[in-house]
Amino acid sequence: MLTLLDAGRPVDVAARTDGERVTIPAGDVERALGWTLTPEGLCGEGVCIPLPAGSSVGPDGLDLATLAQALDRPLALDTKAGAAYLGGATGERRRVLRSLHAPDFTLPDLEGRLHSLSDHRGKKVLLVAYASW
């Protein structure tokens, strides 16, 4: 079993792991991501995306890295933890970055009061981020 995070939404899928290669059944691709595997490629929402040249669907399903490449989405995979994350499509991330608008979020201050970025729209805001790694 593998927990697939589709842009933050967790879905458990049956998966077969061979080293760093992970395959998931075609039925789980449709259930988890809404894409149907057809001879034309991945189809959904009135559009079909061809799979990369040389990729094939085996008896174990579709390679997760091939799926991410076809959908133009970044993939972070941790086979030991049984988890994978599919980020947003490159084109969508590019559009958001070009807009120069930060996504809204809410965090507490040192006294526990919640503050949302949207509360400060139209004002200059300095964000300081820290990570220990």
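The values are calculated or read from the model by the stated rules, or taken from the named source; none is laboratory data. Just so we're clear, the structure is a prediction, and the values are computed from it rather than from any experiment. Don't worry about glycine lacking a Cβ; one is built from the backbone with ideal geometry, like all the others, and counts go over all protein chains shown.
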Next on the checklist: Looking for something of a type in the set (Lys, Arg), outside any helix (DSSP H, G or I), out of contact with any Gly (no Cβ under 9 Å at 6 or more places or on another chain) and at pLDDT below 85 - is there at least one such residue anywhere in segment 19-35?
Outcome noted: yes
Next on the checklist: Tell me whether segment 74-92 contains one or more residues that are modelled with pLDDT of 85 or more, under 14 Å from the mean Cα position of the chain (by Cα) and among the basic types (Lys, Arg).
Outcome noted: no
Checklist entry - Mind checking which residues of segment 76-118 are among the aliphatic types (A, V, I, L, M) and in a helix (DSSP H, G or I)? => result Val96, Leu97, Leu117
Checklist outcome for this item: The correct count of residues that are more than 25 Å from Arg21 (Cβ to Cβ) and of a type in the set (Asp, Glu) in segment 59-107 is 2
Checklist entry - Do you know which of the residues in segment 72-96 that are surrounded by 10 or more Cβ atoms within 10 Å (Cβ to Cβ), among the aliphatic types (A, V, I, L, M) and free of Cβ contacts under 8 Å to residues at least 40 places away in the same chain is nearest to Val29 (Cα to Cα)? => result Leu75
Checklist entry - Is there a residue being within 30 Å of Gly122 (Cβ to Cβ), within 19 Å of the chain's Cα centre (by Cα), in a loop (DSSP other than H, G, I, E, B) and not hydrophobic (A, V, I, L, M, F, W, C) anywhere in segment 65-73? => result no
